[in-house]
Amino acid sequence: IEYSTLSYNPIIHKNKNKGTNHPKKMGFLHLFVVNKSGGLIHHRPLGDRAPTIGTNEWLRIGSTFHSLHAIAAEASPLRLLGNKNAYGADDGIEEINAGGILLKSFQTRTGVKFVITADPGTADIDYVLREIYVLYTDCALKDPFYELEMPIRCELFTQAVDLLVERVEKSGAGSFKQR
Amino acid sequence: MSKSVAAASGHALWAKMPKANAELFALTYGSLVTELIRDYDSIEEINEQLEKMGYSIGVRCVDEFLAKSEQHGMTVPTCQNLKDTAEVVAKTGFRMFLGISCDVTMAPDGNAFSLFMYENPLALFVELPKTNDMPTAAGGATKKWEDLKYSNLYCGILRGSLEQINLRVSCEYIRDVLQGEEVNEIRVTLREVLQDGAGDDYKEE
């Protein structure tokens with residue numbers, strides 16, 4: 001879906017138009033991964049400022065996002081063929097830009113959704129999402145004890161994700177090619 | 001996707017993948033099959049087990065394929081029909097993981113295709129015994145080696161990976177170089193295009 005962002009706080013919107021500078025906090029907040037059936041298979045805070053969210057709450061967030069993702073494609077005024085976007089994955093929510101938070105979602109062609117929340121203005125989120133997909137294939141999928149669609153409990157995966165986020169945050173904004 | 005684009009992506013991706021020793025790979029697979037032969041009595045069961053193992057590999061392989069081709073900047077365009085899928089599988093997929101390229105022939109009705117492999121990395125150094133030569137296994141029936149589909153793993157891999165992208169297929173090993181034919185042929189038949197669950201539920205409303 002090409003247009004799905006709504007600002008919940010119109011005041012901030014107006015300030016931006018006037019060119020007022022407000023201090024930008026840049027940082028990744030959370031990562032969560034939803035499987036094909038809508039179940040949450042992974043969640044992880046990516047920074048210190050990520051709010052603590054209980055496990056049950058996480059499960060609710062995962063399923064809610066999965067449903068909203070699907071409903072958004074149905075509710076969109078622009079319906080794509082088979083509800084598949086140009087990339088070949090299911091059409092649905094790609095980005096939510098609210099007053100104080102930015103949420104970006106990437107769905108793979110196999111139905112897995114990687115979702116990252118971050119402070120508005122954080123750069124390179126798309127790059128991070130795609131790199132996390134690669135880490136998923138290398139660490140989680142190649143783990144012989146990992147069953148598909150089950151929660152990811154691979155040390156290697158979590159370590160690699162942490163390293164990735166650290167690397168991206170250190171390199172500064174915009175240094176990774178956006179696809 | 002045109003043949004040359006698929007082939008070019010395949011070559012480029014093969015260059016970027018970490019490599020393993022081909023002999024180690026073939027010998028490991030060979031010992032795996034040998035173990036299966038010891039464990040199971042009938043050749044059909046062995047073929048089935050190989051296919052199941054391939055299935056588990058396939059469901060994981062496809063994500064790696066999609067993720068890594070993105071990562072290296074070679075997006076695989078969405079396939080419009082089975083022919084595109086076949087090209088991608090044969091030229092990009094097989095080349096990326098095995099370093100070999102396959103030829104594809106589509107069936108006239110467009111619902112099936114055949115993959116032709118001229119070299120088989122799994123079957124290096126392999127020779128299958130003739131049925132008459134083998135002594136009867138202790139307590140078991142003589143095995144008909146002509147029925148053994150040594151590389152049935154591929155069939156499972158194809159079935160698993162295509163299922164993850166919503167194509168339910170059945171794969172069969174038709175000709176095998178180990179059985180004396182000139183080329184390895186795998187026939188892939190499309191059974192059903194699966195619909196994702198969520199879409200259907202919401203359509204009901």
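The values are calculated or read from the model by the stated rules, or taken from the named source; none is laboratory data. Since the model is a prediction, treat every value here as computed from it, not as a measurement. With ideal geometry, Cβ positions are generated from the backbone for all residues, glycine too; neighbour counts draw on all protein chains shown. Remember, those area values only see protein heavy atoms, side chains included, never the ligands or the DNA or RNA. Shrake-Rupley method; radii C 1.70, N 1.55, O 1.52, S 1.80 Å.
Close Cβ contacts (under 7 Å, 6 or more residues apart or on different chains) running from residues in segment B:176-197 that are within 14 Å of chain A (Cβ to nearest Cβ) to residues that are outside any loop (DSSP other than H, G, I, E, B) comprise B:Val193/B:Leu167; B:Leu194/B:Arg168; B:Asp196/A:Asp90.
Restricting to segment A:77-126, count the residues that are part of a loop (DSSP other than H, G, I, E, B), away from chain B (no Cβ under 13 Å), aliphatic (A, V, I, L, M) and within 16 Å of the chain's Cα centre (by Cα). Steps first, answer last, please.
The initial filter retains those residues of segment A:77-126 that are part of a loop (DSSP other than H, G, I, E, B), namely A:77-80, A:85-89, A:91-94, A:98-101, A:108-112, A:119-124.
Filter again for away from chain B (no Cβ under 13 Å), leaving A:77-78, A:94, A:98-101, A:119-124.
Remaining after also requiring aliphatic (A, V, I, L, M): A:78, A:98, A:101, A:123.
Then drop every residue that is not within 16 Å of the chain's Cα centre (by Cα), which leaves A:98, A:101, A:123.
Going through segment A:77-126 one residue at a time, the tally reaches 3.
Pairs meeting the criteria (first residue in segment B:75-91 and free of Cβ contacts under 8 Å to residues at least 60 places away in the same chain and within 11 Å of chain A (Cβ to nearest Cβ), second residue crowded, with 16+ Cβ neighbours inside 10 Å and part of a loop (DSSP other than H, G, I, E, B), beta carbons under 6 Å, at least 6 apart or on different chains) are B:Thr78/A:Gly88. Determine whether B:Asp103 is open to solvent by 70 Å² or more (accessible area, probe 1.4 Å) and either more than 14 Å from every other protein chain (Cβ to nearest Cβ) or aliphatic (A, V, I, L, M) (or both). When the stated conditions are applied, B:Asp103 does not pass them. Can you say whether A:Lys113 is open to solvent by less than 50 Å² (accessible area, probe 1.4 Å) and of a type outside the set (Val, Ile, Thr), as far as the supplied structure shows? When the stated conditions are applied, A:Lys113 passes them.
Tell me, which residue of segment B:54-74 that is hydroxyl-bearing (Ser, Thr, Tyr) and in contact with a Gly (Cβ under 8 Å, 6 or more places away or on another chain) is nearest to the other protein chains (Cβ to nearest Cβ)?
Restricting attention to segment B:54-74, the residues satisfying the condition of being hydroxyl-bearing (Ser, Thr, Tyr) are B:55-56, B:69.
Pick out the ones that are also in contact with a Gly (Cβ under 8 Å, 6 or more places away or on another chain) and you get B:55-56.
On the way: B:Tyr55: 11, B:Ser56: 9 Å.
That would be B:Ser56.
Residues that are open to solvent by 60 Å² or more (accessible area, probe 1.4 Å) and assigned to a helix (DSSP H, G or I) were ranked within segment B:57-87; the one that is farthest from B:Pro18 (Cα to Cα) is B:Lys83. Counting the residues of segment A:32-48 that are outside any strand (DSSP E or B), more than 14 Å from every other protein chain (Cβ to nearest Cβ) and surrounded by 12 or more Cβ atoms within 10 Å (Cβ to Cβ) gives 2.
Which condition breaks for B:Val188 when tested against (1) at pLDDT below 90; (2) open to solvent by less than 30 Å² (accessible area, probe 1.4 Å)? The number of the failed condition is (1). Pick from B:Glu48, B:Glu35: which is modelled with pLDDT of 90 or more, under 21 Å from B:Val169 (Cα atoms), part of a helix (DSSP H, G or I) and out of contact with any helix residue (DSSP H, G or I) (no Cβ under 9 Å at 6 or more places or on another chain)? After applying the criteria, what remains is B:Glu48. Can you tell me which of (1) open to solvent by less than 30 Å² (accessible area, probe 1.4 Å); (2) within 13 Å of chain B (Cβ to nearest Cβ) is the one A:Glu149 doesn't meet? The one condition A:Glu149 does not meet is (1).
Would you confirm, using the coordinates I've provided, whether B:Arg159 is open to solvent by less than 70 Å² (accessible area, probe 1.4 Å), at negative phi and among the basic types (Lys, Arg)? Step through it out loud before you land on a result.
Values: open to solvent by less than 70 Å² (accessible area, probe 1.4 Å): yes; at negative phi: yes; among the basic types (Lys, Arg): yes.
Against the criterion (open to solvent by less than 70 Å² (accessible area, probe 1.4 Å), at negative phi and among the basic types (Lys, Arg)), B:Arg159 qualifies.
When A:Asp119, A:Asp91, A:Asp124 are checked against the criterion of being open to solvent by less than 30 Å² (accessible area, probe 1.4 Å) and more than 19 Å from A:Arg44 (Cβ to Cβ), A:Asp91 stands alone in meeting it. In segment A:49-64, the qualifying residues are those that are out of contact with any strand residue (DSSP E or B) (no Cβ under 6 Å at 6 or more places or on another chain) and in a loop (DSSP other than H, G, I, E, B), and the one that is surrounded by the most Cβ atoms within 10 Å (Cβ to Cβ) is A:Ile53.
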